[in-house]
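Readers should treat all values here as calculations from the given coordinates under stated rules, not as data from a laboratory. Keep in mind the model is a prediction, meaning the values are calculated, not measured. We place every Cβ from the backbone using ideal geometry, glycine too, and count neighbours over all the protein chains shown.
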Amino acid sequence: MENFQLLIGGVRVAGENGEFAVIDPASGTPFAQCPSGSLGQLNAAVAAARTAFAGWRQSSADERRAALHKAADDIEREADGIARLIVREQGKPLALALSEVMGGVAWTRYNADLEIPVEQVEDNPRQRVELHRKPLGVVASITPWNWPFMIAVWHIIPALRAGNCVVSKPSSLTPLSTLRLVEILDRHLPPGVINIVTGEKGFGSAITTHPGIDKIVFTGSTPTGQSVMRGAASNLKRLTLELGGNDAAIVLPGTDIAAVVDDIFNAAFLNMGQTCAALKRLYVHESQYEAFAAALVERAGREVVGAGLEAGVTFGPIQNSEQLELVGELVEDARRLGARILCGGQRLPRAGYFYPPTLVADVTDGDRLVDEEQFGPVLPLIAYGDVDDVLARANASSMGLGGSVWGPDATQAEALAARLESGVAWVNCHAQIQPNTPFGGSKMSGFGVEFGLEGLLEFTGQQLLFVRKENLS
Ligand code: NAD
């Protein structure tokens, strides 16, 4: 069995609280042990990051860039092994895990190459005024279990590129690929610039109130995000909160079903639906409702459900038993209310947390399956008749991560998309993200953005430099 260790101040150490088991969702049984750190080790990691910050903040853009590109080279070289680790701890099929790793490489290289600008506000005979960006200090990254490697990259790489030192705290359900990422980064960075602590309980809240941490970048559920925000008030930590979503998609009348069915299916069931910005509520005009449902059922039937390392598998298990239970509960609630389960709708009778792609018709707003984030392989199809009415229903959510409008007339679709209350509005696509496009939620889906220059600048504080030029004598 592979040996995983914490990394504190450039030294690999065992957890002072022993180890805990990491479960393979394809079998429901442990496949590896993860070190369980103590709160003392968290303090040591924060102290090591603080010490390293004195040097790292002075490093040049070129030094940081070179270090991150070397790390990206190593990730690329070791991609297959990392992807297999992701499959074991997270459950997704190998090809998807490999794309997660290569996405991490692309995001790393993009951030490495970004320039942090100095904004010239004024320059005249009297004065020169410039806006500079400085690193914040110690950044803590708290990540979820759905895209463990890629989200860790999204947090850690821009933080480092901006000159901060980092303490990473991955989900205890999927800690191993992040341990591997941090080990790779540490090869190319001064000791203490990157640290990682793993543990089962208590670390998250200890981080939120820790006086030695200057910023938290958090991705996870809205209730946990609220708790992070409460704790962060203690020393006014800067925050980026990427929280839950319940993205609506509106399909306008006259849409070419054959042309979009694949994209809509993939946007809803990407990573078995366990994606923050997955399409989670599908509103279809009543004129096309049955035809759309039939096309989606046909598409779902082409998925091959199984363990992510089995050849030919395209659809893996849900990551954990709690999420499996929630998905089952939401489907049962819909069934009880008279919904039609078009396909799937039952946990598979085998070991592991398998739930097939599930499409549910004849549900509506107010039903739990529509109103709550399912974060799993089930999509509710909701019929509508009036465009203004459906827009109001799409917006009647406390969440506001993404949303999309699909239709034959791009101008009409774009006009409607602009009225969505969401951080991202897509037209004829959904869940499209890329390293250069700022991404973040509105309403209770969080605040702050990731990606692009705007995302990088979230890891900096401003300093206005105001130089009076007139001679004082
Ligand atoms: P979660 O909130 O349960 O856990 C996220 C992380 O927070 C984990 O590392 C966990 O250990 C830690 N944590 C738990 N309690 C904590 C506390 N009191 N203080 C600080 N940290 C604590 O979320 P999850 O179940 O791992 O992930 C699923 C959720 O994440 C979904 O709601 C999904 O939409 C959301 N998500 C959002 C995005 C986005 O970019 N907006 C991306 C991925 C996932």
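Expressed in nm to one decimal, what extension gain is obtained for the pair ARG187 and LEU309 from 0.36 nm per residue of sequence separation less their Cα-Cα distance? Intermediate results must be reported in sequence, preceding the final value.
Numbers: separation 122, 0.36 × 122 = 43.92 nm, distance 2.89 nm.
My answer for the length gained is 41.0 nm.
May I ask you to derive the relative contact order of segment 18-155, considering only C-alpha pairs under 8 Å and at least 6 residues apart, and to give it as an integer percent? Working shown, then result.
Working: 130 pairs, mean separation 30.9, N = 138.
Across segment 18-155, relative contact order equals 22 percent.
Could you grab the relative contact order for the chain? Cα pairs under 8 Å, six or more apart, rounded to a whole percent.
Numbers: 1115 pairs, mean separation 86.3, N = 473.
The normalised contact order for the chain reaches 18 percent.
What does the extension gain come out to for GLU470 and ALA410, with contour length at 0.36 nm per residue minus their alpha carbon separation? Please list the in-between numbers first.
On the way: separation 60, 0.36 × 60 = 21.60 nm, distance 5.64 nm.
Taking GLU470 through ALA410 to full extension adds about 16.0 nm, to one decimal.
Among PRO211, TRP147, GLN90, which residue has its Cα positioned farthest towards the positive end of the charge dipole of the chain, with +1 placed on the Cβ of Lys and Arg, -1 on the Cβ of Asp and Glu, and the dipole taken about the Cα centre?
Working it through, the farthest residue towards the positive pole turns out to be PRO211.
Restricting to segment 247-427, compute how many DSSP beta bridges are antiparallel as a %, nearest 5. Intermediate results must be reported in sequence, preceding the final value.
Details: 3 of 24 bridges.
Given both bridge residues lie in segment 247-427, the antiparallel proportion sits at roughly 10 percent.
Which of the listed residues, LEU309, TYR289, CYS343, is farthest toward the dipole's positive end in segment 247-427, when Lys, Arg count +1 and Asp, Glu count -1 at the beta-carbon?
Value computed over the given set: LEU309.
Expressed in nm², what is the orientationally averaged projection area of the convex hull enclosing the Cα positions of the chain? Present the calculation step by step, with values, prior to reporting the outcome.
On the way: hull surface 98.4 nm².
In nm², the orientation-averaged hull projection of the chain is 24.6.
Once you keep just the Cα pairs under 8 angstrom separated by 6 or more residues, what percentage relative contact order results for segment 247-427? Walk me through the intermediate numbers first.
On the way: 352 pairs, mean separation 50.2, N = 181.
In percent, rounded to a whole number, it is 28.
Please give the charge dipole size of the chain, origin at the Cα centre, charges +1 on K and R Cβ atoms and -1 on D and E Cβ atoms. Round to the nearest 20 debye. Please list the in-between numbers first.
Details: 39 positive and 54 negative charges, 327 e Å.
Around 1560 debye, computed over the chain.
Need one number: nm distance between label points at ARG335 and ALA392, each 7 Å from Cα along Cα→Cβ, rounded to one decimal.
3.4 nm
Place +1 on the Cβ of every Lys and Arg and -1 on the Cβ of every Asp and Glu in segment 247-427, take the dipole about the Cα centre, and give the residue among ALA417, GLN274, VAL261 whose Cα lies farthest towards its positive end.
So the residue furthest toward the plus end is GLN274.
Which length gain, in nm to one decimal place, applies between SER27 and ARG12 when the Cα-Cα distance is subtracted from 0.36 nm times their residue separation?
Numbers: separation 15, 0.36 × 15 = 5.40 nm, distance 2.98 nm.
In short, 2.4 nm is gained.
Under a point spin-label approximation (7 Å from Cα along Cα-to-Cβ), what is the ARG350-GLN434 distance to one decimal in nm?
Rounded to a tenth, the inter-label distance reads 3.7 nm.
Mind checking the dipole of segment 247-427: about its Cα centre, +1 per Lys or Arg Cβ, -1 per Asp or Glu Cβ, Debye to the nearest 20?
Details: 12 positive and 26 negative charges, 101 e Å.
Roughly 480 debye for segment 247-427.
Starting from the Cα coordinates of segment 247-427, work out the convex hull volume and express it per residue in Å³. Numbers along the way, then the final one.
Values: hull volume 19.7 nm³, N = 181.
That works out to 109 Å³ per residue.
Using 7 Å Cα-to-Cβ label points, what is the VAL129/ARG302 separation (nm, one decimal)?
5.9 nm
For a bin width of 5 Å, list the pair-distance distribution of segment 98-209 built from all Cα-Cα distances, rounded to whole %.
2, 11, 19, 21, 16, 10, 7, 5, 4, 3, 1, 0
Hey, what number do you get for the chain at 222 nm if only DSSP H runs of n ≥ 4 count, each worth -39500 (n - 2.57), divided across all residues, to the nearest 500?
Values: 15 runs with 179 residues, N = 473.
Helices in the chain give a 222 nm mean residue ellipticity of -11500 deg cm²/dmol.
Please give me the summed charge of the neighbours of ALA162: other residues whose Cβ is under 14 Å from its Cβ, Lys and Arg +1, Asp and Glu -1.
On the way: positive: ARG57, ARG64, ARG65, ARG133, LYS134, ARG161, LYS215, ARG238; negative: GLU63, ASP113, GLU115, ASP214, GLU450, GLU454, GLU458.
Residues close to ALA162 contribute a combined charge of +1.
Which of THR224, THR364, THR358 has the fewest other C-beta atoms within 10 Å, and how do the rest follow up to the most?
On the way: THR224 19, THR364 15, THR358 26.
Ranking THR224, THR364, THR358 by Cβ neighbours within 10 Å, fewest first, gives THR364, THR224, THR358.
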